[in-house]
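Each remark here refers to the structure printed beneath this line.
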Amino acid sequence: MKNGDTMYKIARIEIYIKDQLVESPIDLIEDILSMLYKNGQILINYIVEKHDGFYNATVTTTDDDSLDEIYFNKYIRDILEKVEYSYEIISDDAFSSDSCHCKDHSSYVLGTYYGDDSSPVLCGDCGKEIPLIKIPYLFGEEEHFSILSYQRMYNSVVDVWMNSLSDRFTKRQLTHFDSQLTKRGIEICKELQSKTEKPVYFLLPVGEFDINKKAENVEVCPKCGEQVSTLKSTECVDKVCNHCRLGFINQHMFDF
Ligand SMILES: [Zn+2]
Ligand SMILES: [Zn+2]
């Protein structure tokens, strides 16, 4: 989702290596940044400057306070014992969209937008994305690895589709309620639903591949055949099946 007000921030992290004899300082820096990424605190597109005894990383982070200690997991707390860590927020991220500011969410939607590397979890009330640091950890992890690897897998399948390689396979993966890719997404939705005790819908694009179909014309769920309904208010989904927790949307999925 690339429109709306700016929300994400550009930040500069400064990392001093305490033990100057550490064998490979750059590996240590890479580990720290990769842990912050997997924990939902920064996006993957960071750059790192090497200085005498310290490193600066310019990163995209989700909010003014999202690099604070309270969001660290145990891996980050452990690794940061080896360094001195500080950060400052430099500016808003000009390319990012506004994210959800709702206090509570009556439902969630898992909707991956092609090319996005921020959160694929959307608020069912305002339709905007919810930064991963505001989402509970899933599957016993202490990071958001499952959601992020699902997102990467989804983007890879769209890449293959956009390059017209294996159209039939990719179309099925992206649009069918029972494809392997959808099944993985639904597993994530079920887990998030059990953690939040709120409905979590899996978003399927309608009409992307067949322009005669429109999500607003979907009357029954393609999976169970039950009547679909409209989720109140939101722009991120047009119709939902409450039985299967599937959501249907017109072709916004590949906007970029
Ligand atoms: Zn919201
Ligand atoms: Zn259904």
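Points worth noting:
- Residues located in the stretch 178-192, provided they are open to solvent by less than 40 Å² (accessible area, probe 1.4 Å) and of a type outside the set (A, V, I, L, M): SER179, THR182, GLY185, CYS189, GLU191
- Close contacts from the stretch 1-23, counting a first residue that is at pLDDT 85 or above and a second that is assigned to a loop (DSSP other than H, G, I, E, B) and of a type in the set (Val, Ile, Thr), with Cβ to Cβ under 6 Å and a gap of 6+ residues or different chains, come to TYR8/THR62.
- Being at pLDDT 95 or above, under 25 Å from the mean Cα position of the chain (by Cα) and of a type outside the set (Val, Ile, Thr) is true of TYR37.
- Among (1) over 25 Å from GLY115 (Cβ atoms); (2) modelled with pLDDT of 95 or more; (3) not in a strand (DSSP E or B) - the single one TYR55 does not satisfy: (3)
- Tabulated pairs, the stretch 150-161, first open to solvent by less than 50 Å² (accessible area, probe 1.4 Å), second among the aromatic types (Phe, Trp, Tyr), C-beta under 6 angstrom, 6+ apart or interchain: VAL158/TYR114
- Of all residues in the stretch 75-104, those satisfying the criterion of being of a type in the set (Asp, Glu), touching a residue at least 60 places away in the same chain (Cβ under 8 Å) and not in a loop (DSSP other than H, G, I, E, B) are GLU84, GLU88, ASP92.
- Residue that is away from ligand 1 (no atom under 16 Å from the Cβ) and over 27 Å from CYS221 (Cβ atoms), where the choices are GLU191, GLU142: GLU142
- Close pairs from the stretch 163-181: first more than 15 Å from PRO222 (Cβ to Cβ), partner in a helix (DSSP H, G or I) and open to solvent by 70 Å² or more (accessible area, probe 1.4 Å), Cβ under 9 Å, at least 6 apart: THR170/MET162; GLN173/GLN180; LEU181/MET153; LEU181/ARG172
- Screening ASP116 against (1) farther than 22 Å from LEU246 by Cα; (2) part of a loop (DSSP other than H, G, I, E, B) leaves a single unmet condition, (1).
- Selection count, the stretch 41-82, where residues are farther than 24 Å from GLU23 by Cα and open to solvent by less than 10 Å² (accessible area, probe 1.4 Å): 9
- Residue within the stretch 4-25 that is of a type in the set (Phe, Trp, Tyr) and either open to solvent by less than 60 Å² (accessible area, probe 1.4 Å) or in contact with a helix residue (DSSP H, G or I) (Cβ under 9 Å, 6 or more places away or on another chain) (or both) present: yes
- Each residue in the stretch 203-221 was checked for being under 26 Å from the mean Cα position of the chain (by Cα), modelled with pLDDT of 85 or more and away from ligand 1 (no atom under 16 Å from the Cβ), and 2 of them qualify.
The values are calculated or read from the model by the stated rules, or taken from the named source; none is laboratory data. This is a predicted model, so every value here is computed, not measured. Virtual Cβ from ideal backbone geometry, glycine too; neighbours counted across all protein chains shown. Please note that ligands, DNA and RNA were not included when accessible areas were found on the heavy atoms of the full protein model with its side chains. Shrake-Rupley method; radii C 1.70, N 1.55, O 1.52, S 1.80 Å.
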